[in-house]
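Every number here is computed from the coordinates shown, using simple stated rules; none is lab data. Worth saying up front: this structure is predicted, and the values here are computed from it rather than measured. Here the Cβ is made from the backbone with ideal geometry for all residues, glycine too, and neighbour counts use every protein chain on show.
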Amino acid sequence: MVGYPYLIWMVVFIVVPLIMIFYYAFTVKDANGTRFALDHLMKSFDSKYMVALGKSFLYAFIATVICLILAYPLALILVKRSNGGSAMLFIFILPMWMNFLLRTYAWLSLLETNNGLLNTVLRALHLPVLDIIGTPKAIVLGMVYNFLPFMVLPIYNALAKIDKSIMEAAYDLGANDFKRLLKVTIPLSMPGVMSGITMVFMPAVTSFVIPNLLGSGKVNLIGNIIEQQFLLTYDWGFGAALSLILMIIILISMAVMQRSDEDMEGGAGLW
Amino acid sequence: MEKNVIIRLENVTKSFEDQVVLKNITLDVEKNEFLTLLGPSGCGKTTTLRLIGGFEKPDEGIILHQGKDISNVPPYKRNVNTVFQKYALFPHLNVYENIAFGLNIKKMNKSLIKEKVEKALRQVNLDGYENRRIEQLSGGQQQRIAIARAIVNEPEILLLDEPLGALDLKLRQEMQYELKTLQKELGITFVYVTHDQEEALTMSDTVVVMNNGVIQQKGTPEDIYNEPVNAFVADFIGESNIIDGIMKQDGVLEIFGRIYECVDKGFAINEKVDVVVRPEDIKLLEPSENKINGQVTSCIFKGVHYETCVMTDGFEWVIHNTKNFKPGEHVSINVDPFDIHIMKKMVKETGT
Ligand SMILES: Nc1ncnc2c1ncn2[C@@H]1O[C@H](COP(=O)(O)OP(=O)(O)O)[C@@H](O)[C@H]1O
Ligand SMILES: [Mg+2]
């Protein structure tokens, strides 16, 4: 009984959209009406789309790795501060309250080749200008900037939860700072790392605003292609089929990651 | 005399923010002794232990290990291991991996590690538990694993911070006995922290009574119990009657306006003193003219004895005896001169 509101919520926001995606992906409309068909799915496997899919995964992967490399030391520093680094953490979260589009536009105006703030300054200093708008570099930069807080927060939370006496026990048993990081801190913060990776990788791999703006439409990622099917060519069936494939690949990669995490928690591989 | 001292705290002072937690402490820990820091909560026991472990640095004074200053040596370079108050086992490792942690850090040979871990598990009576996960263990078992994880490293000194605090009474008594046996078996120094005076008296070779960041008394359990140096120690170590008195001259004491014979000497004439009488040293007899007379206010059966309270001249005495008195009964207080302990008045704590 208590579960009803939740159930309704699930049906409205998850089950219905899923059914619609399946419906559009597996049906075609022609003169004879609507019928079941695999046409959209077959079309999705065209190399053009597979390349876009591959690029999406590659850029999202790079962005996730960079986020992890930046976020982990940052979270460590924040947790070590006596007040839990709350003031610094606040500064980090602040941009998240700004609209996503605005933030990305801000980067565009910073990096623009001709009138961008950065290049104006570089030119004034007689330094070579930076021409990265419209390249994968700009896209990855946009992803890292936009999604970094989603990596910092879960890692920070996981680190803050580790009992101080456990850290002291590692010291007590002869581990120096580096060994303690390797054998205690990192393993105990893995749940945070895992959710950080998920929370960065998911929006990065499906992103279409960032490649649109910072890639100035020159780099087509899977998110852009899906967006175009719905908003430009009105081929909802094909868009649904691509979404479905993307979703399945994401689910598989998440499952693989979960498994490798559990293997690590077994501890056997730690030494 | 110096040769047996393994750890010495010399004039150590430690503050947190504005609060002085340890005030000029000097303490010798001797090799292979079971030394207990005893005192009420907040008196600085844990801080003292953490100084020895290397988790805190003294603000003033030094810490010597066999004569060498180790005040700034980090914990991982000290041959000291700790059993933490909340066990602090690694939740991501199983029992075997927890115990092997320190040996793995030392890059010890795998088969030797296995041998040592198994021996440590036997020593804490948990052989066969190698593959258990930590959250599958009871509090008592976690405590034993924490002890095994420490002793497997063969430290010179084992620090234990109220290790039995979270266990129920029966298990606690069992573990007290086991810890004492273990200490003898290992032949290493134990520095043990507790606020439970009974635990301290049963287990220790040496008891150090602390209050407000100051060492009150150091001695054998017998010394501490029989010859407390001040009213605080007397009261903390066992229930005591503490009465204001005046030392008229050597061997002559005035309490409640009456003159008593006692055995203590060496006080100034007419010096104000604390007079301590243990509840079990008082005999209740018929009232008579030149004794302290009073009325029984309560009498409660405590298992081995009755705890009787008697009110005389506005002071309530606690007496342990074997006879059941009725409230309202008139009695007199009788104490053998040898059982009257006279102590210098404690210096009043003034905002230090
Ligand atoms: N890290 C710390 N920061 C601030 N105050 C502390 C800290 N550690 C201990 N204290 C204070 O020092 C006093 C003594 O603490 P502690 O040594 O833990 O006492 P005990 O173990 O005898 O109960 C307490 O008042 C405690 O609040
Ligand atoms: Mg304590």
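For chain A, the convex hull spanned by the alpha carbon atoms encloses 212 Å³ per residue. The mean count of C-beta atoms from other chains within 10 Å of the C-beta of residues in A:162-168, rounded to a whole number, is 5. Using every alpha carbon pair in the range B:222-344, what percent of pairs falls into each 10 Å bin from 0 up to the bin containing the largest distance? Over the range B:222-344, the share of Cα pairs per 10 Å bin runs 13, 44, 34, 9, 0 percent. Distance between the 7 Å Cα→Cβ label points at residue B:60 and residue A:125: 5.2 nm. Helix B:95-105 and the longest principal axis of the Cα set of chain B meet at an angle near 70°.
Rounded to the nearest 10 degrees, the inclination of helix B:139-151 to the longest alpha-carbon principal axis of chain B is 70 degrees. The phi-based Karplus calculation (6.51 cos²θ - 1.76 cosθ + 1.60; θ = phi - 60°) puts the 3J(HN,Hα) values of the range A:195-202 at 6, x, 4, 4, 6, 8, 5, 4 Hz, whole numbers, x for Gly and Pro. Sorting the segments B:333-342, A:168-177, B:185-194 by their residues' average number of neighbouring beta-carbon atoms within 10 angstrom, most packed first, yields A:168-177, B:185-194, B:333-342.
How much length is gained on full extension from residue B:244 to residue B:16, taking 0.36 nm per residue of separation minus their Cα-Cα distance? Provide the component values of the computation, followed by the final result.
Details: separation 228, 0.36 × 228 = 82.08 nm, distance 3.55 nm.
Computed gain between residue B:244 and residue B:16 is 78.5 nm.
Between A:117, B:131, B:220, the Cα set farthest toward the positive side of the dipole of the protein assembly as shown (charges on each charged residue's Cβ, about the Cα centre) is that of A:117.
Give, in nm to one decimal, the length gained when the segment between residue A:12 and residue A:50 is fully stretched (0.36 nm per residue of separation minus the Cα-Cα distance).
Numbers: separation 38, 0.36 × 38 = 13.68 nm, distance 3.13 nm.
Extra length available between residue A:12 and residue A:50 comes to 10.5 nm.
State the percent of C-alpha pairs, over all pairs in the range B:5-231, separated by a distance greater than 24 angstrom. Could the numbers behind the result be given before it?
On the way: 11183 of 25651 pairs.
Of all Cα-Cα pairs in the range B:5-231, 44 percent lie more than 24 Å apart.
Roughly how many whole Å is it from the C-alpha centroid of the range B:291-343 to that of the range A:166-223? Between the Cα centre of the range B:291-343 and that of the range A:166-223, the gap is 70 Å. Take every DSSP beta bridge whose two residues both sit in chain B; close to 75 percent of them are antiparallel. Sorted from greatest to least, the principal axis extents spanned by the alpha carbons of the range B:44-109 come out as 41, 28, 15 Å. Quick one: check the C-alpha center-to-center distance for the range B:150-228 versus the range B:1-52, whole angstrom. If we compute the Cα centre of each part, the gap is 14 Å. For the range B:78-110, the residues whose amide N sits under 20 Å from a probe point set 7 Å from the Cα of residue B:178 along the beta carbon direction are B:81-90, B:94-101. Among A:221, B:103, the order by Cβ neighbours within 10 angstrom, fewest to most, reads B:103, A:221.
Kirkwood Rh, the protein assembly as shown, all Cα pairs: how many Å?
Details: mean 1/r = 0.0321 Å⁻¹.
Every distinct Cα pair counted, the radius reaches 31.1 Å.
Full extension from residue A:135 to residue A:35: what is 0.36 nm times the residue separation minus their Cα-Cα distance, to one decimal in nm? Don't skip to the end; give the middle numbers.
Working: separation 100, 0.36 × 100 = 36.00 nm, distance 4.15 nm.
31.8 nm is the gain from fully extending residue A:135 to residue A:35.
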